[in-house]
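Below is one structure; the comments refer to it alone.
The values are calculated or read from the model by the stated rules, or taken from the named source; none is laboratory data. Keep in mind the model is a prediction, meaning the values are calculated, not measured. Cβ sites come from the backbone with ideal geometry, for glycine too, and all protein chains shown count toward neighbours. These area figures cover heavy atoms from the full protein model, side chains too; ligands, DNA and RNA do not enter into them. Shrake-Rupley method; radii C 1.70, N 1.55, O 1.52, S 1.80 Å.
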Amino acid sequence: MNLKNVKTQEKIASALLFGCTVLVVLPVVIILAIILYKGIAAINWEFLTAMPKKGMTQGGIFPAILGTLYLVAGAVLFALPLGVLTAIYLVEYAKNNYLSRIIKLAIVNLAGVPSVVYGLFGLGIFVIFFQFGVSILAGALTLGIMILPVIITASREALESVPQSFRIVSLSLGASKWQTIRHSVLPHALPGILTGTILGIGRAAGETAPILFTVAAFYLPHLPTSIFDQVMALPYHLYVISTQVPGIPESTRYGTALVLLSLVLMLNLFAIIVRSKFRKKKKW
Amino acid sequence: METKSQTIKFNIQQLNTWYGNVQSIKDLTIQVYANEIFTIIGPANSGKSTFLNSLNRLNDLTPGFKLDGTILLDNVDIYKHHDVESLRKRVGIVFALPTPLPLSIFDNIAYGPRMHGITNKSTLMGIVEKSLIESYLWDEVKDRLHTSAFNLSGGQQQRLCISRILAVNPEVILFDEPTSGLDPISTAKVEEAMLIFKKKYTIILVTNNVAQASRVGDRTAFFLMGKLIEVGDTKKIFTAPHEKQTEDYITGKFG
């Protein structure tokens with residue numbers, strides 16, 4: 001064949017692939033740039049630490065920041081142990097039969113359920129049935145259930161990637177099954193589990209629909225004092241000041257978006273640092 | 001060969017095993033005496049490793065594995081009357097490839113004792129030192145006990161795995177082709193260690209290396225296609241075997 005032809009094809013292919021990548025990255029960069037450009041002016045100490053004033057047109061967004069932190073912490077506190085233990089059961093204990101395959105399929109499908117459905121579910125079960133009311137507890141549990149499939153799936157993959165020889169060696173030295181999991185499997189699966197947690201944190205912090213009916217307050221003049229209180233939360237607050245309240249300065253809206261974005265990035269960064277600490281030990 | 005009062009350590013009666021529908025060991029009856037080196041030779045797929053893994057019940061982990069017959073350790077049925085953790089503590093195994101855990105040298109050896117409830121630092125240190133001395137690794141690693149076991153050479157890693165077993169104070173050590181990945185010098189060190197170990201432990205060695213079996217074995221069994229063809233004193237097996245198949249195998253005519 002014609003060598004020149006092949007070379008031209010090569011050039012077209014690499015240009016096309018590069019173009020697609022740029023096309024994907026470009027919107028992200030533009031969104032970040034616009035939010036940063038329009039929002040940075042609103043960011044100051046008062047904005048981050050003060051209560052909203054004068055119908056939210058002035059003052060800060062501190063209650064919404066705090067609320068989102070509470071909700072994310074609550075969701076992770078609930079979903080991480082439950083998800084990891086479920087993954088351990090599925091990988092290490094469950095026999096590969098019809099039932100366990102159904103369970104795995106169900107968990108994967110749960111990840112695809114729209115978030116508003118989780119919101120309705122949370123309203124039905126936590127707010128009304130368990131009578132937690134519209135509260136931090138109900139909202140955190142709802143978000144927790146939403147991120148469970150992400151954490152379970154990541155934890156399963158992490159556990160499955162631990163070499164089988166670690167288990168066999170541990171068992172062959174007379175360790176019990178639980179000792180083997182605790183000392184020879186789980187420590188090596190932690191980085192992968194944390195990756196799942198990072199993804200979960202991002203989702204829990206950013207979703208509006210699950211907290212809409214279960215916890216989020218339109219406006220609260222005080223900070224929550226117990227887990228049965230309502231809180232404001234950043235994504236819902238952003239929705240409120242963007243569509244429900246007239247006369248909010250644009251910079252406040254973009255500033256709020258910037259804070260939400262930074263918060264998620266910082267939480268992720270924290271988890272990434274923890275993960276890299278564990279990864280350094282990983283040698284096989 | 002001293003024949004004075006040999007106690008039977010493992011007594012295997014009518015052992016049959018299957019993986020799914022494929023029978024891997026057929027009607028095996030055999031005894032292993034205390035403090036001998038019992039070597040098992042035979043071509044691939046002759047059931048040697050299955051046999052070893054039945055003695056400490058590692059086969060239990062393989063889905064679809066079935067076992068019939070009795071295996072007595074000191075006259076106790078290990079499948080019916082022995083709990084599996086303490087069995088594996090009594091019957092250690094060294095695998096073909098070195099299998100260090102991704103821990104320091106110290107933590108690798110202390111792993112077993114820790115699992116059996118020993119937490120005292122100086123007790124653990126004592127066990128680690130003793131086990132390393134017994135496996136002739138102490139001098140090579142004493143200055144870097146807290147570095148990764150992965151930095152050791154293949155031969156050192158294999159001796160580390162042996163120390164790790166010695167640390168739980170076993171009675172029987174199973175060797176599953178322990179030198180198949182090692183150079184001749186490392187192999188010689190492992191063989192040397194076995195000859196000394198038999199004073200304290202019972203050793204069962206599966207090997208593809210016929211010469212190795214003749215060098216270290218007290219008695220030798222020849223397995224073929226899941227069946228025991230012949231068992232006897234190693235010298236006799238290698239000089240005047242009963243069976244034609246044994247002779248063909250050790251002289252390299254097949255296998």
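What pairs come up if the first residue lies in region B:169-188 and is more than 19 Å from B:PHE51 (Cα to Cα), the second is open to solvent by less than 20 Å² (accessible area, probe 1.4 Å) and not in a helix (DSSP H, G or I), and their beta carbons are under 8 Å apart, counting only those six or more places apart or on different chains?
Matching pairs, first to second residue: B:SER186/B:THR179; B:THR187/B:THR179.
Kindly indicate whether any position in region A:239-256 is within 18 Å of the chain's Cα centre (by Cα) and more than 14 Å from chain B (Cβ to nearest Cβ).
No; the residues of region A:239-256 include none that is within 18 Å of the chain's Cα centre (by Cα) and more than 14 Å from chain B (Cβ to nearest Cβ).
Testing B:ASP74 on (1) open to solvent by 60 Å² or more (accessible area, probe 1.4 Å); (2) within 14 Å of chain A (Cβ to nearest Cβ), one condition comes back false. Which one is that?
(2)
Check B:SER24 against each of (1) among the small types (Gly, Ala, Ser); (2) open to solvent by less than 30 Å² (accessible area, probe 1.4 Å); (3) not in a strand (DSSP E or B) and name the one condition it does not meet.
(3)
Can you find a residue that is in contact with a Pro (Cβ under 7 Å, 6 or more places away or on another chain), away from chain B (no Cβ under 14 Å) and surrounded by fewer than 18 Cβ atoms within 10 Å (Cβ to Cβ) anywhere in region A:220-234?
yes
Looking at (1) open to solvent by 10 Å² or more (accessible area, probe 1.4 Å); (2) without any contact (Cβ under 8 Å) to a residue 60 or more places away in the chain, find the lone condition where B:VAL141 falls short.
Only one criterion is unmet by B:VAL141, namely (1).
Is it the case, given these coordinates, that A:PHE166 is under 30 Å from B:HIS116 (Cα atoms), of a type in the set (Phe, Trp, Tyr) and open to solvent by less than 50 Å² (accessible area, probe 1.4 Å)?
On the way: under 30 Å from B:HIS116 (Cα atoms): yes; of a type in the set (Phe, Trp, Tyr): yes; open to solvent by less than 50 Å² (accessible area, probe 1.4 Å): yes.
Taking the combined requirement at face value, the residue satisfies it.
Residue-by-condition table, conditions (1) assigned by TED's automatic domain parsing to the domain that holds A:LEU141; (2) of a type outside the set (D, E, K, R); (3) open to solvent by less than 50 Å² (accessible area, probe 1.4 Å):
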position: A:ILE30; (1), (2), (3): no, yes, no
position: A:ILE34; (1), (2), (3): no, yes, no
position: A:THR49; (1), (2), (3): yes, yes, no
position: A:GLY59; (1), (2), (3): yes, yes, yes
position: A:GLY83; (1), (2), (3): yes, yes, yes
position: A:THR86; (1), (2), (3): yes, yes, yes
position: A:TYR89; (1), (2), (3): yes, yes, no
position: A:ASN97; (1), (2), (3): yes, yes, no
position: A:GLY112; (1), (2), (3): yes, yes, no
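In the list B:ILE229, B:ILE203, B:ILE250, B:ILE165, which residue meets the criterion of being closer than 20 Å to B:PHE51 by Cβ, open to solvent by less than 60 Å² (accessible area, probe 1.4 Å), modelled with pLDDT under 90 and not aromatic (Phe, Trp, Tyr)?
So the residue among B:ILE229, B:ILE203, B:ILE250, B:ILE165 that is closer than 20 Å to B:PHE51 by Cβ, open to solvent by less than 60 Å² (accessible area, probe 1.4 Å), modelled with pLDDT under 90 and not aromatic (Phe, Trp, Tyr) is B:ILE250.
Would you say A:ALA189 is within 14 Å of another protein chain (Cβ to nearest Cβ) and among the small types (Gly, Ala, Ser)?
Answer is yes for this residue.
With respect to the numbered conditions (1) assigned by TED's automatic domain parsing to the domain that holds A:ALA217; (2) touching a residue at least 12 places away in the same chain (Cβ under 8 Å); (3) over 30 Å from A:GLU160 (Cβ atoms), which one is the sole condition not fulfilled by A:LYS54?
The number of the failed condition is (2).
Among the candidates B:GLY47, B:GLY64, B:GLY69, single out the residue that is modelled with pLDDT under 95, within 14 Å of another protein chain (Cβ to nearest Cβ) and at positive phi.
The conditions single out B:GLY64.
Yes or no, residue by residue, for (1) more than 30 Å from B:GLY252 (Cβ to Cβ); (2) open to solvent by 20 Å² or more (accessible area, probe 1.4 Å); (3) of a type in the set (Phe, Trp, Tyr):
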site: B:ILE40; (1), (2), (3): no, no, no
site: B:ASN56; (1), (2), (3): yes, no, no
site: B:ASP60; (1), (2), (3): yes, yes, no
site: B:SER86; (1), (2), (3): yes, yes, no
site: B:ALA96; (1), (2), (3): no, yes, no
site: B:LEU103; (1), (2), (3): yes, yes, no
site: B:SER131; (1), (2), (3): yes, no, no
site: B:SER135; (1), (2), (3): yes, no, no
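For B:ASN45, state whether it is touching a residue at least 24 places away in the same chain (Cβ under 8 Å), within 17 Å of B:LEU28 (Cβ to Cβ) and not hydrophobic (A, V, I, L, M, F, W, C).
Yes, satisfied.
Restrict the check to region A:248-259 and report whether at least one residue is open to solvent by 50 Å² or more (accessible area, probe 1.4 Å), of a type outside the set (A, V, I, L, M, F, W, C) and assigned to a loop (DSSP other than H, G, I, E, B).
yes
Can you pull out every residue in region B:209-222 that is in contact with a strand residue (DSSP E or B) (Cβ under 6 Å, 6 or more places away or on another chain) and outside any loop (DSSP other than H, G, I, E, B)?
B:VAL210, B:ALA213, B:VAL216, B:ARG219, B:THR220, B:ALA221, B:PHE222, listed by residue number.
Exactly one of these conditions fails for A:ALA41: (1) touching a residue at least 60 places away in the same chain (Cβ under 8 Å); (2) among the small types (Gly, Ala, Ser); (3) within 24 Å of A:GLY202 (Cβ to Cβ). Give me its number.
Every condition holds for A:ALA41 apart from (3).
Out of the helices (runs of 4 or more DSSP H) lying entirely within region A:114-186, which hold 1 or more residues that are in contact with a Lys or Arg (Cβ under 8 Å, 6 or more places away or on another chain) and within 14 Å of chain B (Cβ to nearest Cβ)?
A:164-172, A:177-180
Do you know which residues across region B:39-70 are under 27 Å from B:SER163 (Cβ atoms) and either in contact with an Asp or Glu (Cβ under 7 Å, 6 or more places away or on another chain) or of a type in the set (A, V, I, L, M, F, W, C) (or both)?
Result: B:ILE40, B:ILE41, B:SER49, B:PHE51, B:LEU52, B:LEU55, B:LEU58, B:LEU61.
When you scan region B:110-127, do you find a residue that is closer than 21 Å to A:LEU171 by Cα, among the small types (Gly, Ala, Ser) and touching a residue at least 40 places away in the same chain (Cβ under 8 Å), even just one?
Within region B:110-127, one or more residues are closer than 21 Å to A:LEU171 by Cα, among the small types (Gly, Ala, Ser) and touching a residue at least 40 places away in the same chain (Cβ under 8 Å).
Of all residues in region B:27-38, which are polar (S, T, N, Q) and surrounded by 14 or more Cβ atoms within 10 Å (Cβ to Cβ)?
B:GLN31, B:ASN35
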